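The values are calculated or read from the model by the stated rules, or taken from the named source; none is laboratory data. None of these values were measured; they are calculated from a predicted model. For neighbour counting, all protein chains shown are included, and Cβ atoms are generated from backbone atoms with ideal geometry for every residue, glycine included. SASA here: full protein model, heavy atoms, side chains in, ligands and nucleic acids out. Shrake-Rupley method; radii C 1.70, N 1.55, O 1.52, S 1.80 Å.
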Amino acid sequence: MATYDSLHRQCRTLEALFDTKLTAYARLASSISRNNDDLESGGSSERWKDLEVEVDELLEKLQEINDQLSTLSNDTENPPSQSMLRAIQRHREVYLDYARELRRTKANVKTALDQANLLSGVRNDIDAYKSSAADSLLAERGHIDSSHRMTDDMIAQAYETRAEFARQRTTISGINARMQGVLSSIPGINNLLSMIKTRRRRDALIVGCLIGLCTVLLLMYMF
C-alpha cells in the first residue's frame with residue numbers, strides 16, 4: 001500500500017517535528033517563569049507567538065494525516081493488515097497525547113506570561129513611585145530652601161532696620177547735645193526769648209484794642 005506508506009512516513013516526520021517544537025515551547029515557558037523576563041524588551045512575547053503558531057499548524061497537519069489513516073483503516077475493498085492497524089492506532093494515540101500536552105503547555109505558558117507581565121507591571125509601578133517620590137522630595141527641598149532664604153532676608157532686613165534706628169538715635173542725641181551746648185553758651189538767651197514772647201503778646205493786645213476802637217467809632221459815625 002503505497003498510500004499507507006506515504007502517510008505513515010509523513011505522520012512520523014510530523015510527530016518528530018512536533019515533539020521538537022513542543023519541547024522548545026515548553027522550555028520558553030520555563031525560561032520566562034525562572035528569569036521573570038521583560039516580555040517586550042526581551043522579545044519573549046514574539047518568540048511565544050511564533051512557537052505557538054508553529055505547534056498549532058503542526059498539530060493540525062498531524063490531525064489531517066491521522067484522519068486520512070483512519071479512513072484508510074476503514075477501507076473494506078483493500079483492508080490493511082493487523083500491523084498497519086496497530087500503527088494507525090498508535091499514531092492516533094500519539095496525536096491525542098500531543099494534543100493534551102499542547103493544551104497543558106499552553107496553560108503553563110499563559111500562566112508564565114501573566115506572571116511575567118504582572119511582575120513587570122509591579123516593577124514599573126515601583127520605579128514610577130520611586131521617581132515620583134524623589135521628585136516630590138526634591139520639590140519639597142526646594143521649597144524649604146526658598147523659605148530659608150526668605151527668612152534670612154527678613155532677619156537681615158530687621159538687623160539693618162535696628163542698626164538704622166540706632167544711627168538715628170545717635171544723631172538725635174548729638175543734635176540735642178549741641179542744642180544744649182548752644183543754649184548754655186549764650187547767657188540770658190532764655191530770658192531774652194521770654195521777653196520777646198511777652199512783647200509780642202502785648203503788641204497783639206494793643207493792636208486788638210485799636211481795631212475795636214476804630215470799629216466802634218465807625219459804627220457811631222454811620223448811625
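Quick look at the values:
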quantity: Surrounding net charge for VAL94, when Lys and Arg each add one and Asp and Glu each subtract one, Cβ distance under 12 Å; calculated: -1
quantity: Where labels lie 7 Å past Cα in the beta-carbon direction, separation of ILE175 and HIS148 in nm; calculated: 4.3 nm
quantity: Simple spin-label estimate for VAL207 and ARG9 in nanometres, 7 Å along Cα-Cβ; calculated: 14.8 nm
quantity: Area of LYS197 that stays accessible when all protein chains are in place (1.4 Å probe, Å², to 10); calculated: 130 Å²
